[in-house]
Amino acid sequence: MELQGKRILLIISGGIAAYKSLDLIRRLRERGATVRPVMSRAAQEFVTPLAVGALSASHVYTDLFSREDEQDVGHIRLARECDLVLVAPATADLMAKMAHGLADDLPSAVLLATDRPVLIAPAMNPVMWNAAPTRRNVETLKADSISMIGPMKGEMAESGEAGTGRMAEPLEIVAAVLDLLSPQDKPLAGKRAIVTSGPTHEPIDPVRYIANRSSGKQGHAIAAALARLGADVTLVSGPVTIPDPAGVAVNHVETADQMLSAVLSGLPADIAVMVAAVADWRVVSSAGQKIKKQPGEPPAPLQLAENPDILKTIGHHANRPGLVIGFAAETQDVETNGRRKLEAKGADIIVANDVSPATGIMGGDRNRVKVISRSGIEQWPDLSKDEVAARLAALIAERLSSTA
Ligand code: C5P
């Protein structure tokens with residue numbers, strides 16, 4: 001019960017993401033928090049006060065001019081009788097009001113009157129998120145010490161449009177609440193980490209490329225897990241379809257060459273975790289125009305050249321991070337190949353997994369790994385990729401604390 005005894009004033013403003021606030025209430029309460037909800041008029045168009053009241057087991061406050069509510073608690077007490085004011089979803093409109101100190105309804109009046117920490121989870125159409133007024137308001141709110149989680153990249157619920165604007169998931173919001181209310185141990189505070197993730201795309205011509213089936217799930221999860229332990233993380237990601245993880249600086253690249261430059265420009269660092277499935281080869285000179293098939297003629301052979309080995313470069317670099325970790329995706333002799341890689345690449349740890357198609361690991365949500373270091377081999381059980389990431393982050397923290 002990590003939030004036992006914590007009182008959260010949850011302001012729900014009017015966006016389609018309000019449906020997720022119902023789950024958020026449940027998630028907060030199951031961790032021991034009490035949730036007192038405030039709903040804007042527009043929010044009530046998306047979810048009913050009845051549902052919000054039932055899930056929170058609380059009176060739902062909706063009206064600045066309600067005689068009963070004002071006599072009972074009043075907006076000033078409402079704003080102060082809590083440990084945190086959480087706004088989820090935070091619409092562009094409410095953020096604009098907050099940035100300008102408007103107070104013409106209950107949510108905005110409470111936000112102006114509070115002296116408690118405020119966390120907002122913005123949700124809006126990507127064009128609204130990128131609009132100049134919203135950009136200015138976000139900067140103002142940050143300068144006013146308002147904490148923010150998201151918005152995330154992804155598809156919008158109502159329009160199917162893709163871009164940044166999706167509200168963070170309830171569990172991501174809960175993690176941000178936990179960070180604010182009961183700061184966890186941050187054993188990696190002050191440490192810099194570089195993580196690579198995803199595949200690389202090596203162009204053949206402007207429309208074709210060589211790639212592999214890596215989803216980026218494991219690498220992204222590791223970047224997020226290191227950030228949760230307080231590390232300052234740069235994630236160098238190849239082309240993936242999953243969203244950027246929260247709390248991490250992301251550098252999007254396409255080719256192995258670009259990935260290497262991005263990693264090198266991230267040095268110096270304390271930790272490097274190279275998870276990307278970097279293409280071993282690139283096409284020597286990718287065509288400037290789309291290669292046309294010539295009737296009756298055999299296809300032109302592709303001439304390949306070896307790509308730089310990013311892990312090996314980092315493992316032997318003059319500015320080598322104190323802890324260098326690689327992954328070994330193998331389909332046979334997982335252990336022997338893992339050990340060999342430890343030496344050849346100058347790594348401290350190799351996390352080896354069997355990616356034979358039968359295991360479903362590549363692209364899947366679970367992983368079964370062996371952790372190979374000079375002090376021995378550890379077989380980890382079948383775990384979700386998030387669990388593997390959390391364990392690896394804990395192992396990294398332990399290693400760094402014993403060498404500190
Ligand atoms: O040699 P192999 O590709 O199996 O090694 C896997 C490990 O090396 C992974 O950690 C991967 O991120 C890294 N690697 C790299 N650059 C390459 C090839 C692999 O960083 N060109």
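A few remarks follow.
- The stretch between residue 267 and residue 30, if pulled fully straight at 0.36 nm per residue, gains 81.1 nm over its current Cα-Cα span.
- Amide H to amide H, with H built 1.01 Å from N, residue 90 comes under 5 Å of 121, 123, counting only residues 5 or more places away or on other chains.
- Taking 24 Å as the limit for the C-alpha separation, the pairs 217/341; 345/370; 142/186; 153/290; 97/186; 186/341 exceed it in the case of 153/290; 97/186; 186/341.
- Counting only DSSP H runs of at least 4 residues, each contributing -39500 (n - 2.57), and dividing by the residue count of the chain, the helix-based mean residue ellipticity at 222 nm comes to -10000 deg cm²/dmol.
- In a simple Cβ point-charge model (Lys, Arg +1; Asp, Glu -1; nothing else charged), the stretch 301-341 has a dipole of about 200 debye relative to its Cα centre.
- Around the amide H of residue 231, modelled in the peptide plane, lie the amide H atoms of 188, all under 5 Å away and 5 or more residues distant in sequence or on another chain.
- Heavy-atom accessible area per residue - the stretch 12-55, 1.4 Å, Å²: 45 Å²
- Beta-bridge orientation, the chain: approximately 30 percent antiparallel, per DSSP, counting only bridges with both partners inside.
- Each label was represented as a point 7 Å from its Cα along the Cα-to-Cβ direction; for residue 164 and residue 142 these points are 0.9 nm apart.
- Spatial offset of the stretch 265-279 relative to the stretch 65-130 amounts to 41 Å, using the alpha carbon center of each.
- Summing charges over neighbours of residue 377, with a neighbour being any other residue whose Cβ is under 9 Å away from its Cβ, gives 0 when K and R count +1 and D and E count -1.
- Note on the stretch 7-181: Cα Rg divided by 2.2 N^0.38 Å, N the number of residues, gives 0.95.
- Only Lys, Arg (+1) and Asp, Glu (-1) charged, at Cβ; the stretch 7-181 dipole about Cα centre in debye: 320 debye
- Annotation: for a label point projected 7 angstrom from Cα along Cα→Cβ of residue 77, residues of the stretch 105-124 with backbone N closer than 19 Å are 106-107, 109-116.
- Debye-sum result for the chain in log10 I(q)/I(0), which assumes one identical scatterer on each alpha carbon, at q = 0.06 Å⁻¹: -0.31
- DSSP beta bridge pairing in the stretch 7-181, given as percent antiparallel to the nearest 5: 20 percent
- Relative contact order, percent, the chain [alpha-carbon distance under 8 Å, six or more residues apart]: 11 percent
- Counting only protein heavy atoms and a probe of 1.4 Å, the accessible surface of the stretch 316-404 is 47% carbon and sulfur.
- Environment charge of residue 189, counting only residues whose C-beta is closer than 13 Å and scoring Lys/Arg +1, Asp/Glu -1: 0
- Net charge contributed by nearby residues that have their C-beta within less than 10 Å of residue 36 (K/R +1, D/E -1): 0
The values are calculated or read from the model by the stated rules, or taken from the named source; none is laboratory data. Keep in mind the model is a prediction, meaning the values are calculated, not measured. Glycine gets a Cβ as well: all are built from the backbone with ideal geometry, and neighbour counts include every protein chain shown. Quick note on the areas: whole protein, heavy atoms, side chains included, nothing else; ligands and nucleic acids left out. Shrake-Rupley method; radii C 1.70, N 1.55, O 1.52, S 1.80 Å.
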